[in-house]
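Student: My questions all concern the structure below.
The values are calculated or read from the model by the stated rules, or taken from the named source; none is laboratory data. Predicted model only: the values in this text are computed from it and were never measured. Every residue, glycine as well, gets a Cβ built from its backbone with ideal geometry; the counts of neighbours run over all protein chains shown. With ligands, DNA and RNA removed, areas are computed over all heavy atoms of the protein, side chains included. Shrake-Rupley method; radii C 1.70, N 1.55, O 1.52, S 1.80 Å.
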Amino acid sequence: VNILYSLDLIGTFVFAVSGTLSAANKKLDLFGAIVIGFVTAVGGGTVRDLLLDIHPIGWMKDTIYVSIILAGAIFAFLFKQWIITLRRTMFLFDTIGIGVFTVLGVQKALNAGVHPVYAVLMGMVSSVVGGVLRDTLNNDIPLIFRKEIYATVCLAGGALYLLLDTFETPQYLNEVVTVMTIITARILVIRYKLNMPTLSINESSN
Amino acid sequence: VNILYSLDLIGTFVFAVSGTLSAANKKLDLFGAIVIGFVTAVGGGTVRDLLLDIHPIGWMKDTIYVSIILAGAIFAFLFKQWIITLRRTMFLFDTIGIGVFTVLGVQKALNAGVHPVYAVLMGMVSSVVGGVLRDTLNNDIPLIFRKEIYATVCLAGGALYLLLDTFETPQYLNEVVTVMTIITARILVIRYKLNMPTLSINESSN
Amino acid sequence: VNILYSLDLIGTFVFAVSGTLSAANKKLDLFGAIVIGFVTAVGGGTVRDLLLDIHPIGWMKDTIYVSIILAGAIFAFLFKQWIITLRRTMFLFDTIGIGVFTVLGVQKALNAGVHPVYAVLMGMVSSVVGGVLRDTLNNDIPLIFRKEIYATVCLAGGALYLLLDTFETPQYLNEVVTVMTIITARILVIRYKLNMPTLSINESSN
């Protein structure tokens, strides 16, 4: 659990950075950028905990989350030019965050005693909703709805975790395998530009 | 209650279909379209249950909702061209969904013991919020805010339900009368193009 | 508390008016305008209470809130031309609302027993989220993210309240001092056009 906790903090930091940077293309001030960083980092866990009636909400249990998000936002603000050159590193950390958030979401849901179907959904919610809120506040159609299929990767990862859990895989091993699988899958998806089919009514232009 | 339950499932299916189809005008991929179908179908009930502190949230009590929504989304994806030609049928089912969601919302709120004013509001929330979230995620101003007055129909329907309830109308009869009234009212509204006045500051262009 | 309660009602009224008027630039009908007025007035308190698991949600404890919001929306609809000429008065009441909502938010959070950091955040959430939802529903990037720094004023006001509370300042005095400070600070901010720095990646155009 200790490693998962550390990865959770890293994921939170990276989500805060990416959220804050997303404000750079819009004319947001520092405060707006920090808020969007904040919402990106905690949005998924917050919606998950509200749906599952878990209180206190994840990030309100330990002030370290607020500190880390603030640190991420300020880091993004100070080193934005430099961060941009680190896209690959950022992408890797972002992907780690996605994997960890998914596993944590599934675990929280299982602990709350819901049906496995909801556990898988909550894994995806944990990892996806932050970005959806980020894009909605930035007045964009959520990126995840248009291009990347990482939500599908999260669903598959959550299902894998459940499957391994059913076979009584030790929790620690299950966490490692699932997170690694999600990371690998996402990298492959990006590398080979895999896309979901588009829903278009006027198909002639397809 | 049995009929209401069946109608609830039909309403959920139709809302999922309409939500998924709404993604057709945007460049959403299959996943994005399914998510929007999902949110359209469960959004109203989710917000209602969160506000009333009812847990588990409606659609998390029974996995049939997830199955039906998925079925609706896939149905929309496969038969989109054909569904479009069925606008009238879709509209009818949509209207049934609106009537049923309103009645269920009022009932849930009354069971939660809130003041009748909130019960009427919760009836409207159940039936309207899904579409508002759909449009917000699609980056549109919610349709309901601009054109159609079905929310007003929901409010009136909710008030009617309360009134009949006060006169100790049997619940079953009350459900039938209210749902039928909402359906009739909405059809009349569309048919005669009834609109609410618009709030415009610069009235010269009106 | 009595004065705070009256100011809370005034703040609710003014937020409802401003939310309803915001719909004037969009082509919203009366219903849409009222809903946006409603969401503007109760959005902050609702999100705060959901996050803190406080039930019933603020505005559902006393029907006077619904009445006042409705009155505000109708007032805005009837007297929109006249209200526009009263920008200064509206601004003053709006600022009073912001101060009062912040203090009430901090108090509610402290009563819920959360860490002071969250109390300050909840003060800001109470006062800011309504406007964010208003702008999101209107399909704008939230104003507060771009121009005005009133959220920062709320954070500072919340921190001041906490500080005075630590020194065992009588609650009544603390309320008066904090609200007055927030009002003064916001007026100064507007007057001297103080702004937060903007986060922009391509800085040459700055």
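Student: Please identify every one of the chymotrypsin sites (Phe, Trp or Tyr not before Pro) in segment B:103-174 that sits in a loop by DSSP and has no more than 15 other beta carbons within 10 Å of its own beta carbon.
Tutor: Hits after loop and neighbour filter: B:F167.
Student: Okay, moving on. Counting only C-alpha contacts under 8 Å and six or more residues apart, can you give the relative contact order of chain B as a whole percent?
Tutor: Averaging sequence separation for qualifying contacts and normalising by length gives 22 percent for chain B.
Student: I would also like to ask the following. If you average the C-alpha positions of segment A:107-135 and of segment B:1-23 separately, how far apart do those two centres end up, in angstrom?
Tutor: Centre-to-centre (Cα) distance: 23 Å.
Student: What is the spin-label model distance, in nm, from B:I10 to C:N111 if the labels are put 7 Å beyond Cα along the C-beta direction?
Tutor: About 4.6 nm separates the two model spin labels.
Student: So, with +1 on the Cβ of K and R and -1 on the Cβ of D and E, and no other charges, what is the size of the charge dipole of segment C:54-203 about its Cα centre, to the nearest 20 debye?
Tutor: Here the size comes out at about 460 debye.
Student: Taking a threshold of 18 Å on the Cα-Cα distance, which of the pairs A:K26/A:K80; A:K61/C:K61; C:K27/C:K80; C:K61/C:K108; B:K61/C:K61 fall above it?
Tutor: Cα-Cα > 18 Å for A:K61/C:K61; B:K61/C:K61; rest within.
Student: By its C-alpha gyration tensor, with a ≥ b ≥ c as the square roots of the eigenvalues, how is chain B shaped: rounded for a/c under 1.5, else prolate for a/b larger than b/c, else oblate?
Tutor: Judged from the Cα gyration tensor, chain B comes out oblate (a/c at least 1.5, b/c at or above a/b).
Student: When the helices in the protein assembly as shown are scored as -39500 (n - 2.57) per DSSP H run of 4 or longer and the sum is shared across all residues, what 222 nm value do you end up with, to the nearest 500 deg cm²/dmol?
Tutor: -25000 deg cm²/dmol
Student: Assume the label is 7 Å from Cα along Cα to beta carbon: what separations in nm does A:F91 have to the matching positions in the other copies?
Tutor: Between copies, matching label points for A:F91 lie 4.8, 4.8 nm apart.
Student: Near C:K193, which aspartates and glutamates are there with a Cα under 18 Å away, not counting those fewer than 8 places off in the same chain?
Tutor: Of all the aspartates and glutamates, those that pass the test against C:K193 - Cα under 18 Å, at least 8 places apart if same chain - are A:D29, C:D94, C:E148.
Student: On to the next question. Considering only C-alpha atoms, what is the centroid distance from segment A:26-80 to segment A:154-197, in Å?
Tutor: 25
Student: To continue, here is another question. At 1.4 Å probe radius, can you tell me the per residue accessible area of segment B:1-106 in Å²?
Tutor: Heavy-atom accessible area per residue stands at 39 Å².
Student: Top to bottom by accessible area (1.4 Å), largest first, where do A:I190, A:I3 land?
Tutor: A:I3, A:I190
Student: State whether the protein assembly as shown is rounded, prolate or oblate according to the following rule on the C-alpha gyration tensor (a ≥ b ≥ c being the square roots of its eigenvalues): a/c under 1.5 gives rounded; otherwise a/b larger than b/c gives prolate, and the remaining case gives oblate.
Tutor: rounded
Student: A follow-up question, please. Using a label point 7 Å beyond Cα on the Cα-Cβ vector, give me the inter-copy distances for B:D62 in nanometres, one decimal, shortest first.
Tutor: 4.0, 4.0
Student: May I pose another question? What dipole magnitude, in Debye to the nearest 20, does the protein assembly as shown give about its Cα centre under +1 on Lys/Arg Cβ and -1 on Asp/Glu Cβ?
Tutor: That gives the protein assembly as shown a dipole magnitude of about 1880 debye.
Student: Can I ask one more? For the residue pair B:L188 and A:N195, what label-to-label distance in nm results when each label sits 7 Å from Cα along the Cα-to-beta-carbon direction?
Tutor: 4.9
Student: How large a share of the accessible area of chain C, in percent, is made up of carbon and sulfur atoms when the probe is 1.4 Å and the other protein chains stay in place?
Tutor: Answer for chain C is 66 percent, counting heavy atoms of protein chains only.
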